[in-house]
Every structure is written in C-alpha cells, then in structure tokens.
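The values are calculated or read from the model by the stated rules, or taken from the named source; none is laboratory data. This one's a predicted model, so the numbers in the text were calculated from it and none came from an experiment. Using ideal geometry, Cβ is built from the backbone for each residue, glycine included, and neighbour counts are taken over all protein chains shown. Only protein heavy atoms, including side chains, enter the accessible area calculation; ligands, DNA and RNA are left aside. Shrake-Rupley method; radii C 1.70, N 1.55, O 1.52, S 1.80 Å.
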Amino acid sequence: MAQLLASSITWIWIGTFCFTATAPLIAAGRVHSDGTSWGFEPEFTDSMTNVTVATGRDAVLSCSVTNLGGHKVGWVKADTKAIQAIHLIVVTHNPRVSVEHIGSSQWKLIIKNVRKEDAGFYMAQINTDPMKSQVTYLDVTEPPDIIDERTPGELRVRENEALKLTCEARGNPAPRITWKREDGHDLHLTSRDEHKGTGGSFRNKSHGGPSVYSVDGETLRINQVSKRHMGVYYCIASNGVPPSVSKRVAVTVLFAPTVTVDNQIVGVPLGNNVTLGCIVESSPKSINVWYKDDKMIANSSRLSYEEKVESSYRVRMILTIGHFRKTDVGKYECRCRNELGEAEGTIKLHDLKPLITTTTTTPPPIFMMGENDIYPLIIGTTAWTHVLQRDRVLTTTGRPQDRPDSVGDLPTQPIGDAEFLPAGSASSNNHNRHGHEMMKATLRPRSGGHSSSAASSTRLAVGRQSAVSAAAVVMMTATVIALVLS
C-alpha cells in the first residue's frame, strides 16, 4: 500500500523555485514501510551551511530531514531555476551532478569537478503544503590568473621620462598584486612615485628614508626613471588559493653613453706592460673603440683590447700595451656611440722617469762606523746617515742640523746597508761615544729605498745629480772620522 501511495505522487513545477506533489490523504499515526511516521510533518533538523570549494574539487551540499514519510526532497539551483534532483533521481543533464541518501535523514547533492559557473545559491525543498525549504550558497574559489593581454612583458622608456607598469589578474577572491625586482634590489621610489591597487592609492612617503623592496597595487608608476630602474620586475598575484602566479616584466631605460676612465694620467717605466681602462654605460649597447692620438687602434700582438660586461648597461673597456715603448707615449681615448649620443674618455700616457740618482764608478768609501752613530752622507746637504744598533742599516733623517743629538723620533728611510769589513780591520780599543766598538765598513745601497744597486756602480738617491768626485769622497771620510773621534 505504501509503495502504491508513493508511486502515485506527482511533482509539479510551480513559479520560481517551488515544486510540490499531490498524494492521497494518509491517516495520522500510520507508519511508512521505511520506518518513518505518517501523520507527522517533515522538518529540517539542522540549518544548511555555506560551502566553499576550489575549482576542480568536489562540492557536497547536504541537509537533514526528519519525519519525511511519503514526502520527497528536491534540489534546485536558484539563479538558473533549474531542478537538479528529486529524491534519488537526477533531473539535470549535468553529468557531474549526483544525489546520495544516508540513513533516514541525510540527503546530499554532489557536484564533481566544480567549475566557476557552478557557484550560486542552492535550495533544498520538501514537498509539503506549504512547501518547506532551506538555502545554501556554493562559493567556488579560483586561483589567480594574470591577464596577459593587459600586462606587457617588456617596456622601453627613455631616461627621465615616466614609467608605468600595469598588471591585472582575475580569480576568486580578487587577487592582490605585488611588484618586486627580480634581483631583490631596492625599487628606488621617491615621494612622487605612485602605486595604485584595488585598495586605493598609496604613495611612498619615505623619501630619503629606508629602501622599499616591494609594493602592492595593480599599477606601479615612477615619474622620473633613471638607469638604476633598469632591470626585470615581477608582478605577483595571490589570493590565498594556491598557487600564486607571477609574470616577468623587463624594463629597458634608454640613454646616451657615458664614459668614466680609471686614471686620467698614467706613467709607466719603459719596458713594462701597461693596462688602460674605461667604464662605459649606455642603452642600447654602444659601439666602443680605442684611439691613440686620434687614430683608431687595431688589435695586434702587442696592443690588445677587450670588453668585460658588468651589468645590462655597463661594460669595462680594457686596453693592454705590452713592453711599453717611447713611441707608445701619447693621448689615448675610449670613444663610445649609440643611437642616442656619443661620449669619450681621455687618458694621457707617459714614460715614468727613474729616480734622480748620483752615479759613481769610484769604489764605496770606507767608514769607521759604530752602532747608533750619525754621519753626514754628503757635506753641505741635509741628508744624514744613521747606523741602527742591531741590523746596521744606514738611513736618512732629512734634518738640516750639524749634528743631531738623537734620531729616535726623526723620520728615517733606508738608503743602504753598512757592510762591516772582516775582524781585525779596526783597533779593538777604538770606541764611539756610545761605547760601541768602531769598525771599518762600506755602504752597500739598498734596493727599494733611496738607492738601488747596479753592476759595477753604486747609486745613492740623495737628491743631487752631480757626480761625487774623488776629492769629495776623501773629504767625507775625513769628516766622518772627525765626528766619530770628537
């Protein structure tokens, strides 16, 4: 009898959301074959909750009904007015929709592989008179997706002009846009630079303050762009639904070449190798050439040049001259040109003269020396010699005094070594005023100081160009002995 009654129910679509059924009157108190009571009105026992699911996942809408009896549960999508299912029968032609009945009270509408168009209000209805219903909302979230046609991948702008970067993305919820540099460096924003987003307009107020490494907003505007703004920027879109996405935007700042030389004047001794360098900044890349005395330099076995890339707009020009000659002396230029202008840097190259020396072929004079003594190196000059206590190094003091009492605080510079002659060359009872034994010694010039050694000659760098004559040597020796014995 119950099956007959159930089968005689006819569902009728009425108005916007409603469907109802007609059935014979049932006496109160009877029990349906499925165990539910006849004569008691069916009721929703719990409120339906909204459901949020990401695109591609399965959505489950559920309701709980008691005392259903011979009535039926139906599902309707409110915005399209489309019946999804009645009881256990799927009405919609959407193959992703199914229904499930658990126990005596749980009813579920299942939508597999949810799409954006599945979002909206859904209604669960019981065909009572009047009809009873509950509503839930299905929110379908979407990961962010950057709109390529509205976000250019490359921009070229001239120096000092305005730069505007725009990035748009779709998704649910609405994505947040963040701008960063690929290299992680400062964005170099000023108080005049503006970045706008869905939350409004924001300005960097830290002019001259802390660096800014990222900003939020669909639009990043730099009012006066410079070469330091050149590089790759990332537009990053995120909305809490993984994954976040990004797009690479390459910014090229165009400007005329500039040249900076390492040294404007270079002196090199003849015979040495020399390297000249210039730093060139240009965009687009410039044509770079070396010139000497207004003539272009060609690569050769002795003159060679190369370029080392230091950044997207900076290169180092290097010219190497091997075995520097007198003919290499002159004016060198690194010249650069691109479509926006040209520039040059000048380097003057000259041969470096050796230190002024006094040359004599006379054998080094013999001195009577004692440790910590002071001697005039050449009579009538301000140069003095000093024999140190332990290593016996001759040094100059540069003091125009007849005889300094102490040289401990005077600036000294080594000029040579006191080479003491073999023992027995001096009297054992001959001592200087410091109590140190006097010994015969010769001056051996020290390289790297004020003097250098050469075969068959002795050079003393004492600021005099006249040769020391034999008479001067004799006079110097006599003066030294007189000072020591005084």
May I ask you to order 235-245, 155-165 by the average number of other C-beta atoms within 10 Å around their residues, highest value first? 235-245, 155-165
By the C-alpha gyration tensor axes a ≥ b ≥ c (rounded if a/c is under 1.5, else prolate when a/b exceeds b/c, else oblate), the shape of the range 93-165 is prolate
Accessible area of the range 290-332 belonging to carbon and sulfur atoms, whole % at 1.4 Å probe: 51
Considering only C-alpha atoms, what is the centroid distance from the range 269-331 to the range 89-105, in Å? 81
So, with +1 on the Cβ of K and R and -1 on the Cβ of D and E, and no other charges, what is the size of the charge dipole of the range 136-186 about its Cα centre, to the nearest 20 debye? 160
Carbon-plus-sulfur fraction of the accessible area of the range 106-165, 1.4 Å probe, in percent? 43
How many angstrom lie between the C-alpha centres of the range 147-178 and the range 214-236? 9
Simple Cβ-charge dipole of the range 220-308, Lys/Arg +1 and Asp/Glu -1, about Cα centre, in debye nearest 20: 420
Arranged from highest to lowest average of other beta-carbon atoms within 10 Å per residue, in what order do the peptides 170-178, 56-64 appear? 170-178, 56-64
22 Å Cα-Cα threshold exceeded, pairs from LYS326/LYS353; LYS116/LYS164; LYS77/LYS108; LYS227/LYS285; LYS77/LYS112: LYS116/LYS164
So, for the range 40-133, what is the accessible surface per residue at a probe of 1.4 Å, expressed in square angstrom? 51
